[in-house]
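S.K.: I have a structure I would like to understand better, so I am pasting it below and will then ask my questions one at a time.
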Ligand code: NAD
């Protein structure tokens, strides 16, 4: 299968004529080839988007939304088929792939509802016979750049609000996961989205991603990915005075207090640390545990890890799939060596699986370190693999301080039965998302998604907050007095 660009409603060869292999991380097999485009392809898409957007913005928002309802229905009909393809290109286990497609379905229906809202404000004027209101207006052409770990969900978080608000979208997906991008473009087409409103241009970051960021007709960049790349994009957008929304890395912690339900805590930690093989921005990579229950928690975690079946995610009994590629395996392994050198104690795992069926794919053993201190690199840097570090503390205050001591601020969780602990944690954990008696993953699409500090730059995906990225506010004053009324001056007093 050759995956082409989708520009102005047509499937097109990249102008470079070049393609790269797409590898199934579970088997090492090449399952497709993806276009490796050049800046010309971005320019072609942006020009077409610019033209199409003018008409699209004039379509009444409830009508625009009807297309999203159809997109939602098509995603629903194809959920199983899409999930299987997703597992094959990205590696996450099939149950999680179904969950990811479901996020897209939820987002379609939620954002379609926005077609009948897109609320602004009406407000009294300070003058007689004058009306005041604010409305959301589309920004124009939106550039979307996404990572490989959620190949369809993140694209829906960004493109659905952009499209319902009247923008046109040019999307550069991660080159590792282009199949979901192709499927989403097909679904938009079948749902009746006019040509030119949604484009997919495949290719690498430094060439194609960069051309999108620097294109003068792209008014907003919405990026999800690593801090390193996000920072670079933000610098460029800063110089160009371009709006940029960044969703980046995490170093998320689960706090386990001495009164916690440990069975529940273990379930939450295992799911958040090893689901998607730890390759979620919200993955739990630190467990901050009260010293009184540390030993018991470790014992139970060890028992639970032993039951995890590792393998090809298409097998329904597998709980931990492969990581994305060899480079990721090597990076995870490097961090594990660093942890050992730093003096952390390896409780379980800590190696690449190379035997038998594992030989062709990219598998890392679920890994737990203990006796980790908050200043170790494994406790501060994003590893993006199935590695979790246990840090012991003596109080809730200390737990919160450790949680907040990293550069990231995406997600955090606390397991406790004490309502006072709960409310203090809700107030003091410095992350964009806080879970109580649940792991660090599990966001729902109608609330804002994103983080504080180094995780982002203040914007949010999901919820109504996403509309702020893809719209400008216009304030409108209508004076029906028939005379010049000067604000702040021609008042009665
Ligand atoms: P990445 O930063 O390497 O790549 C992300 C995207 O940026 C890809 O499409 C890539 O091709 C593109 N890119 C790379 N260099 C570029 C450049 N110079 N200019 C423009 N675009 C460029 O990230 P990744 O490895 O694909 O994904 C993993 C990262 O994503 C992790 O750090 C993870 O935490 C983060 N992530 C964050 C969230 C969130 O919502 N906060 C969600 C998922 C993943």
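The values are calculated or read from the model by the stated rules, or taken from the named source; none is laboratory data. Nothing here was measured: the structure is a model prediction, and the numbers come from that model. Every residue, glycine as well, gets a Cβ built from its backbone with ideal geometry; the counts of neighbours run over all protein chains shown.
S.K.: Are any residues in region 406-437 more than 30 Å from residue 352 (Cα to Cα) and assigned to a loop (DSSP other than H, G, I, E, B), and if so, which ones? Quick ask: steps written out before the conclusion?
M.R.: Restricting attention to region 406-437, the residues satisfying the condition of being more than 30 Å from residue 352 (Cα to Cα) are 414-437.
416, 417, 418, 429, 430, 431, 432, 437, listed by residue number.
S.K.: If you go through region 348-366 one residue at a time, do you hit one that is closer than 19 Å to residue 290 by Cα, modelled with pLDDT of 95 or more and either assigned by the TED database to the domain that holds residue 299 or crowded, with 19+ Cβ neighbours inside 10 Å (or both)? Please lay out each step first, then the result.
M.R.: Keep residues of region 348-366 that are closer than 19 Å to residue 290 by Cα, which gives none.
Looking through region 348-366, none of the residues is closer than 19 Å to residue 290 by Cα, modelled with pLDDT of 95 or more and either assigned by the TED database to the domain that holds residue 299 or crowded, with 19+ Cβ neighbours inside 10 Å (or both).
S.K.: Looking at residue 430 and the list (1) closer than 30 Å to residue 168 by Cα; (2) touching a helix residue (DSSP H, G or I) at 6+ places or on another chain (Cβ under 6 Å); (3) touching a residue at least 24 places away in the same chain (Cβ under 8 Å); (4) surrounded by fewer than 19 Cβ atoms within 10 Å (Cβ to Cβ), which single condition is not satisfied?
M.R.: Just one mismatch for residue 430, condition (1).
S.K.: Sticking with this one: I need the full set of residues from region 208-233 which are more than 11 Å from the ligand (Cβ to nearest atom) and either assigned to a helix (DSSP H, G or I) or touching a residue at least 40 places away in the same chain (Cβ under 8 Å) (or both), in order please. Before the answer, list the steps.
M.R.: Of region 208-233, the ones more than 11 Å from the ligand (Cβ to nearest atom) are 215-220.
Across region 208-233, the qualifying residues are 215, 217, 218, 219, 220.
S.K.: Follow-up. Within region 322-344, can you find the residues that are surrounded by fewer than 21 Cβ atoms within 10 Å (Cβ to Cβ), part of a loop (DSSP other than H, G, I, E, B) and either without any contact (Cβ under 8 Å) to a residue 40 or more places away in the chain or in contact with a helix residue (DSSP H, G or I) (Cβ under 7 Å, 6 or more places away or on another chain) (or both)?
M.R.: If the condition is that a residue be surrounded by fewer than 21 Cβ atoms within 10 Å (Cβ to Cβ), part of a loop (DSSP other than H, G, I, E, B) and either without any contact (Cβ under 8 Å) to a residue 40 or more places away in the chain or in contact with a helix residue (DSSP H, G or I) (Cβ under 7 Å, 6 or more places away or on another chain) (or both), then 343 is the only one that fits.
S.K.: Another one. If you scan region 182-207, which residues turn out to be in contact (Cβ under 8 Å) with a residue 24 or more places away in the chain and within 24 Å of residue 459 (Cα to Cα)? It would help to see each step written out before you state the result.
M.R.: Within region 182-207, the first condition is being in contact (Cβ under 8 Å) with a residue 24 or more places away in the chain, and the residues that meet it are 182-185, 187-205, 207.
Residues satisfying the conditions are 197, 198, 199, 200, 205.
S.K.: Looking only at region 193-207, count how many residues are surrounded by fewer than 23 Cβ atoms within 10 Å (Cβ to Cβ), touching a helix residue (DSSP H, G or I) at 6+ places or on another chain (Cβ under 9 Å) and not in a loop (DSSP other than H, G, I, E, B).
M.R.: Qualifying residue count, region 193-207: 2.
S.K.: For region 367-400, give me the residue count where each residue is assigned to a helix (DSSP H, G or I) and either modelled with pLDDT under 95 or closer than 15 Å to residue 291 by Cβ (or both). Can you show your working first?
M.R.: Taking region 367-400 first, the residues assigned to a helix (DSSP H, G or I) are 377-379, 396-400.
From what's left, either modelled with pLDDT under 95 or closer than 15 Å to residue 291 by Cβ (or both): 396-399.
Final tally of qualifying residues: 4.
S.K.: Mind checking which strands (runs of 3 or more DSSP E) fall wholly inside region 112-192 and carry at least 1 residues that are within 16 Å of the ligand (Cβ to nearest atom)? Reasoning before the result, please.
M.R.: Numbers: elements: 121-124, 130-138, 141-145, 168-172.
Filter on region 112-192 gives 141-145, 168-172.
S.K.: Another question about this same structure. Which residues, taken from region 290-328, are in contact with a strand residue (DSSP E or B) (Cβ under 7 Å, 6 or more places away or on another chain) and either closer than 13 Å to residue 367 by Cα or not assigned by the TED database to the domain that holds residue 346 (or both)?
M.R.: 298, 301, 302, 305, 308, 310, 320
S.K.: Further question on the same structure: Within region 462-477, can one find any residue that is part of a strand (DSSP E or B), more than 30 Å from residue 260 (Cβ to Cβ) and touching a helix residue (DSSP H, G or I) at 6+ places or on another chain (Cβ under 9 Å)?
M.R.: As a first pass, look at region 462-477 and keep what is part of a strand (DSSP E or B): 471-477.
Still in the running and more than 30 Å from residue 260 (Cβ to Cβ): 471-477.
Retained after the next criterion (residues that are touching a helix residue (DSSP H, G or I) at 6+ places or on another chain (Cβ under 9 Å)): 471.
So far as region 462-477 goes, yes, one or more of its residues are part of a strand (DSSP E or B), more than 30 Å from residue 260 (Cβ to Cβ) and touching a helix residue (DSSP H, G or I) at 6+ places or on another chain (Cβ under 9 Å).
S.K.: Looking at (1) away from the ligand (no atom under 16 Å from the Cβ); (2) surrounded by fewer than 17 Cβ atoms within 10 Å (Cβ to Cβ), find the lone condition where residue 269 falls short.
M.R.: Among (1) away from the ligand (no atom under 16 Å from the Cβ); (2) surrounded by fewer than 17 Cβ atoms within 10 Å (Cβ to Cβ), residue 269 violates only (2).
S.K.: Another one. State the number of residues belonging to region 193-207 that are near the ligand (Cβ under 10 Å from one of its atoms) and either modelled with pLDDT under 95 or farther than 18 Å from residue 150 by Cα (or both).
M.R.: Residues of region 193-207 that are near the ligand (Cβ under 10 Å from one of its atoms), as a first pass: 202-207.
If we keep only those that are either modelled with pLDDT under 95 or farther than 18 Å from residue 150 by Cα (or both) as well, we get 206-207.
Residues in region 193-207 being near the ligand (Cβ under 10 Å from one of its atoms) and either modelled with pLDDT under 95 or farther than 18 Å from residue 150 by Cα (or both): 2 in total.
S.K.: Quick check on region 235-248: of everything there that is buried (at least 19 other Cβ atoms within 10 Å of the Cβ) and not in a loop (DSSP other than H, G, I, E, B), which residue is nearest to the ligand (Cβ to nearest atom)? Steps first, please.
M.R.: As a first pass, look at region 235-248 and keep what is buried (at least 19 other Cβ atoms within 10 Å of the Cβ): 237, 242, 244-248.
Of the ones still in play, those that are also not in a loop (DSSP other than H, G, I, E, B) are 237, 244-247.
On the way: 237: 11, 244: 11, 245: 10, 246: 8, 247: 3 Å.
Here the residue is 247.
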